[in-house]
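Structure first, then comments.
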Amino acid sequence: MDNESNNSQVTLSRSEAREQAFMLLFSGSFDNEPAEAKIEDDTQLFEGGVCGYAHSVVSGIEEKQAELDAEISKYLKKGWTIARISKASLAILRLAIYEINYVDSVPESVSISEAVELAKKYTIDESKFVNGILGAYVRRKAGEKQ
C-alpha cells in the first residue's frame, strides 16, 4: 500500500518531506491534538504549507500509533517503556517503522538511513539508539519472511 496521494501542491524532496513529517509528529507529541488539526495549525509554519507526503504519513502514523509503539517496545531494554524514549527519537522511530511497513516506494535501508540522519540533527547522541532499534526490527522482519 503506497500512502502518498494527497491534493497538496507543495513540492519537496522526499528527505525534506520526511523532515516536515518529523516536525509535525514531534510538535504533536506535546499535546493530544489530532493530526488533522495539527497539520492545519502548523501549515503556516512551513513555507508553502504541508506537503502531501508529510500529511499522508502523519495521518497514517496517528492511525497506526498503537501498533507502531508495540513494535518499538519489542526492541527496548528490559524494564524500558515507550515513555522513556525521548519525544524526538520516538517520532523518528514511528516515522521510519511506518515507512518500512506502509510506504512501498521507500526501501527499508533508505528509511533507516534517513531516520539516523534525523536523529543526528534533532537529538543529542541518540542516532545509535535509533539505528539499533531499526536494524533489529528489519532483521526480525526479514527472518519472519523466510
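The values are calculated or read from the model by the stated rules, or taken from the named source; none is laboratory data. Since the model is a prediction, treat every value here as computed from it, not as a measurement. Note that each Cβ is placed from the backbone with ideal geometry, even for glycine, and that neighbours are counted across all protein chains shown.
Points to keep in mind about this one:
- Hits in the stretch 52-80 - residues which are free of Cβ contacts under 8 Å to residues at least 12 places away in the same chain and touching a helix residue (DSSP H, G or I) at 6+ places or on another chain (Cβ under 7 Å): 73
- Scope the stretch 124-146; condition surrounded by 12 or more Cβ atoms within 10 Å (Cβ to Cβ) and acidic (Asp, Glu); matching residues: 126
- Wholly enclosed helices (runs of 4 or more DSSP H) of the stretch 12-116 bearing at least 3 residues modelled with pLDDT under 90, among the aliphatic types (A, V, I, L, M) and farther than 24 Å from residue 128 by Cα: 35-42
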